[in-house]
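Notes follow once the structure below has been shown.
A short reminder: the numbers here are calculations on the coordinates, not readings from a lab. The structure presented is a predicted model; accordingly, all values stated were derived computationally and were not measured. For neighbour counting, all protein chains shown are included, and Cβ atoms are generated from backbone atoms with ideal geometry for every residue, glycine included.
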Amino acid sequence: MALPDWNTMSDVELVHHELQLERDMLTARFQLATNQLEDSSTVSKLRKGIARARTAQRAREIAQGLSKDQLRNTHRGSFAPGESKAAEGESAGGFLQGIVDKVGGNE
C-alpha cells in the first residue's frame, strides 16, 4: 500500500481518503472476525493510515486557524463511498457487503 502525498491533496481529497480508510477498516474487521481476511496486518495498516490522515487534517486546521475536526465536518457530507484502492483484489462477499452498506447508510 503506497502512502499518498498528503501535501498535494486538497482538503476535500484528504477528508474523503480518511473516510474511505475508515470504511475499509470496517470491512477488514468483519473479514477478520469471519476468518476471510488473508493478511491480518491489514487492520493495523488501515488504523495507521487513518491516524496519518487525521494528523495531516489537524495540521491543516491549525495552519488555517480552524477548530478541531472542522475540515472533516465540513467535507464529510460530500463523501461518496467507492471501491478502495487498498482493497483491490480482495472481494467482499454479498452478505458482508450488505452489512457494510447497512452500517454505512447506503441502503
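Some notes on this structure:
- Sites GLN36 and ASP5 - FRET efficiency at Förster radius 25 Å, r taken between beta-carbons, to 0.05: 0.20
- Each of GLN64 and VAL12 was given a label point 7 Å from its Cα along the Cα-to-Cβ line. The distance between the two points is 1.2 nm.
- Within the stretch 42-86, the trypsin sites (Lys or Arg not before Pro) that combine a DSSP coil assignment with at most 13 other C-beta atoms in a 10 angstrom radius are LYS68, LYS85.
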